[in-house]
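Structure first, then comments.
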Amino acid sequence: MILTAKVGNNADIFSNILQLYLPKGGLVLDMTYGTGAFWHRERRIAMDIRLVGIDALTADVHVRADFRQLPFASGVFDCVVFDPPYADLAAPNLRSPLRFGVGTRDNVLAPKSNKEVLALYASGFREARRILKPKGIFVVKCQDNGAYYNHVTMMDTRKLNGRYKIEDLFIMVQRGSLPIRGNAQHRARKNHSYFIVYRKV
């Protein structure tokens, strides 16, 4: 049985999402591939602004490109996957550079405010809708950013460049403990993130 919440990692939850929503033989693009943390052995096209550790990637095709201007024709993909940086470098106690999402090692698109985080998401929503087939599936990972509850914004598709219907919401609870930042804690540390499944309408 596939449940909405799970303790595990990206690949565990993402595999469940594909079981439910990916058409058999569907063409899939991961437009923020990073190091491929979502994937087991599923067939897909891997894309990122920087392809990190390309020898270790197992995708069928590797494309170096910026998700804000995708090099693909309109209406060709059955499923698009999107996981941009979802924390900003100005966040309190965030002392080290981001190591996930777009530009994994070099922080090519590292946002400096929550407004910039949301701008990255809006760009991804716009381009994903363009390249998706009618009724195509768009899988988005996000996490709340300090005091900003960004997953709530993600649920309001009117703000995100295109018409989508929300099909499902998955919550991934991180295994193990989180590193301590600073000497004082002012709010609960977030040890969960969201996968939101949209359908193009």
- Looking at D83, is it at pLDDT 85 or above and either more than 25 Å from N145 (Cβ to Cβ) or in contact with a Gly (Cβ under 7 Å, 6 or more places away or on another chain) (or both)? yes
- Residue among G53, G75 that alone is farther than 19 Å from K141 by Cα, surrounded by fewer than 14 Cβ atoms within 10 Å (Cβ to Cβ), at pLDDT 80 or above and touching a Gly at 6+ places or on another chain (Cβ under 9 Å): G75
- Task: Could you grab me the full set of residues in region 111-148 that are within 23 Å of Q174 (Cα to Cα) and of a type in the set (G, A, S)?
- Result: G146, A147
- If a residue has to be in a loop (DSSP other than H, G, I, E, B) and at pLDDT below 85 to count, how many in region 56-72 make the cut? 4
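The values are calculated or read from the model by the stated rules, or taken from the named source; none is laboratory data. Not measured: the values here are computed from a predicted model. For neighbour counting, all protein chains shown are included, and Cβ atoms are generated from backbone atoms with ideal geometry for every residue, glycine included.
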